[in-house]
Amino acid sequence: MIETAHTLVAVCGLPGVGKSTVSSYMTERLDAVRLRTDAIRKELVDEPTYSDAERNRVYDELVDQANQHLTDGASVVLDATFTKVAHREQVKSVADDNDVSFQLIRVVCDEETVARRIESREDISDADLSVYRELKAEFDPITIGFDQVDNSETISQTHDQVDSLLSWSSPRP
């Protein structure tokens, strides 16, 4: 397990790759609070437009909630696409400001599996395959240290990858 008293983990990736699967399992393993932009958006906006202004409002609220939980001494796992560098840097700053470890985990999955999952899922997310492709085209390169989980295979294999990330004792550079 991570040796810090508490930590902030940001789970990022495109729609349908399995961010929620990874973040849910990680939340359980860390005994953390899980915050999802999909849920926050539903709380803040009656009819989402997914505009830049709306997206920034959702991420600002995500950061505010994460900050509050960290201040209260809880570990936090964030579940969001984090397509923009600015949003990743924003959550890393929250970890720095609270003097807690920060991990960025990118979840990936082959596109055929993503298409199958998006088509069959019953989830809070509104994203369909066209949104997946749009966000894939605009996903900013990751410029800070991160780990990657490939969620293309079985849930057991995904859990094994998460468990191996939790076995290291200090934050990645």
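Structure summary
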read-out: Helix-only CD estimate at 222 nm, as mean residue ellipticity for the chain, using -39500 (n - 2.57) per DSSP H run (n ≥ 4); value: -15500 deg cm²/dmol
read-out: Residue order, fewest to most surrounding Cβ atoms within 10 angstrom, among 93, 101; value: 93, 101
read-out: Order of 59, 50, 132 - criterion: other Cβ atoms within 10 Å of each residue's Cβ, fewest first; value: 50, 132, 59
read-out: Whole-Hz ³J(HN,Hα) from phi, Karplus 6.51 cos²θ - 1.76 cosθ + 1.60, for region 73-90, glycine and proline x; value: x, 8, 7, 9, 10, 9, 10, 7, 5, 6, 5, 9, 3, 4, 6, 5, 5, 4
read-out: Among 80, 115, 95: highest mean-square fluctuation, GNM of the chain, C-alpha pairs under 10 Å; value: 115
read-out: Packing-based exposure ordering (other Cβ within 10 Å, fewest first) of 94, 22, 11; value: 94, 22, 11
read-out: Among (i) 27.5, 99; (ii) 15.9, 50; (iii) 15.2, 43, the entry derived from the coordinates for Rg and Dmax of the Cα atoms in Å; value: (iii)
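Rule-based calculations on the coordinates, nothing more; no lab input. Since the model is a prediction, treat every value here as computed from it, not as a measurement. Neighbour counts run over all protein chains shown; Cβ positions are idealised from the backbone, glycine included.
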